[in-house]
Amino acid sequence: MSLIKKLVKLLVIVALAYGVGRFVVVFQGSLLTGYRAPYIQMVTQDSAVIRWMTEDSQLGVVRYGQNREHMPSIMLEGSSTKNHVVRLTNLKPATRYYYQTGSISGYDNSHIHKQWFYTQPEEVVPTRIWVIGDSGNPGETQDQVRDSALDWMRDNPIPGEEASPDEASATEPLIDIWIALGDLAYTSGTNAQFQAGLFEPFGDLLANTAIWPIYGNHDARRWTYFRVFDLPQSGQAGGVASKTENYYAIDYSNVHFVMLDSQESDRSKTGKMAKWLQRDLAENDKPWVIAAFHHPPYTRGSHNSDEEYD
């Protein structure tokens with residue numbers, strides 16, 4: 001065998017070994033393991049998704065109702081699992097619901113004080129939108145940004161939703177629409193990094209406020225992102241169905257949101273995302289339209305958009 005053939009064979013072996021090793025690393029980092037407290041997803045006018053994780057497989061159960069002391073409605077999962085997903089339907093719009101998660105063996109009381117949510121309104125109302133981005137690096141800076149924003153919101157309640165002195169003041173929403181502009185888990189978007197960068201520092205808020213995420217480059221390094229979020233690819237939250245969780249639309253009050261994918265989807269003017277966006281905007285009748293995506297069209301911070309690489 002010639003030297004060139006030996007080198008080619010060696011390179012092929014190295015490439016295969018790297019590919020297998022990389023697959024194993026990505027696969028392991030994307031596994032949904034461990035305990036995760038209940039959190040809310042994809043709240044609409046008449047539905048909501050409740051998710052949580054347990055160490056062992058269980059048949060998940062959610063009970064819910066408009067009174068914390070009396071939650072008569074119950075929804076069960078179809079089979080036992082560790083990664084629980086329960087969709088509540090036939091809800092009333094603009095209504096506060098309390099919920100509790102558990103299994104057929106009983107309910108978990110450890111988070112019940114923060115387990116509530118409001119369904120979206122049918123009418124036009126004052127709307128508070130909170131936008132965070134590149135938030136997935138846990139630590140003092142993340143805590144300061146979160147606490148400063150939430151403190152300001154408490155001091156400046158949404159018109160018509162001023163806190164009352166009774167128990168209900170602890171279950172009034174601070175945010176109507178919470179948008180996360182990607183990179184929610186540093187540095188590689190693993191399940192453990194999502195836990196440390198999102199679910200632990202924002203756990204109290206996630207228990208009662210739906211987060212609407214956008215796909216970022218750090219989120220894309222593993223497969224976790226699409227495993228921990230439920231996104232309205234079928235038009236469940238308004239707009240035209242995108243048939244993908246990479247990009248989607250939301251309606252809230254008199255605002256239409258288009259959540260775009262600048263990371264993975266074709267961004268050409270003839271691509272599927274552009275064609276979907278054209279159809280979606282053509283059918284929209286809301287006076288306000290907000291488009292959100294991860295990569296800014298112009299930046300001169302840690303990245304320079306005037307450079308080809310960035």
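Once you have a ≥ b ≥ c as the square roots of the Cα gyration tensor eigenvalues for region 159-310, tell me rounded if a/c is under 1.5, and otherwise prolate or oblate according to whether a/b is larger than b/c. It is oblate, given that a/c is not under 1.5 and a/b is not larger than b/c. Estimated from helices alone, the mean residue ellipticity of the chain at 222 nm is -6500 deg cm²/dmol (sum of -39500 (n - 2.57) over DSSP H runs with n ≥ 4, per residue). Summarising the amide proton neighbourhood of residue 44: residues at separation of 5 or more, or on other chains, whose placed amide H is nearer than 5 Å comprise 120.
In this Cβ point-charge picture (+1 for Lys and Arg, -1 for Asp and Glu), region 174-310 has a dipole of about 340 debye about its Cα centre.
Taken per residue, the accessible surface of the chain reaches 53 Å², heavy atoms only and a 1.4 Å probe. Lys/Arg Cβ at +1, Asp/Glu Cβ at -1, dipole of the chain taken about the Cα centre: which of 255, 81, 116 is farthest positive-ward? Ranked along the dipole, the leading option is 81.
Across region 223-310, Cα-Cα distances exceeding 14 Å account for 67% of all pairs. Counting only protein heavy atoms and using a 1.4 Å probe, what share of the accessible area of region 70-195 belongs to carbon plus sulfur, as a whole percent? Carbon with sulfur: 51 percent of the solvent-accessible area. Report the local net charge at residue 116: Lys and Arg +1, Asp and Glu -1, summed over other residues whose C-beta lies under 9 Å from its C-beta. Net local charge, residue 116 excluded: +3. Considering only Cα atoms, the convex hull volume of region 259-310 works out to 101 Å³ per residue. Taking amide H as placed 1.01 Å from N in the peptide plane, residue 235 has its amide H under 5 Å from the amide H of 242, 243, each at least 5 places away in sequence or on another chain.
Just checking the listed ones, 140, 245, 122: in the Gaussian network model of the chain with Cα springs under 10 Å, the one fluctuating most is 140. Ranking 265, 276, 229 by how far each Cα lies toward the positive end of the dipole of region 212-283 (charges on Cβ) leaves 265 at the top. The charge dipole of the chain, taken about its Cα centre with unit charges on the Cβ atoms of Lys, Arg (+1), Asp and Glu (-1) only, comes to about 1620 debye. Cross-link pairs exceeding 24 Å in C-alpha to C-alpha distance, out of 243/269; 92/286; 82/243; 114/286, comprise 82/243; 114/286.
Sequentially through region 237-243, phi angles give Karplus couplings (6.51, -1.76, 1.60; θ = phi - 60°) of 9, x, x, 7, 4, 8, 6 Hz, Gly and Pro residues having no value and appearing as x.
The values are calculated or read from the model by the stated rules, or taken from the named source; none is laboratory data. Keep in mind it's a predicted model, so treat the numbers as computed, not measured. All Cβ positions, glycine included, derive from the backbone under ideal geometry; neighbour counts span all protein chains shown. The area values use the complete protein model at the heavy-atom level, side chains included, leaving out ligands, DNA and RNA. Shrake-Rupley method; radii C 1.70, N 1.55, O 1.52, S 1.80 Å.
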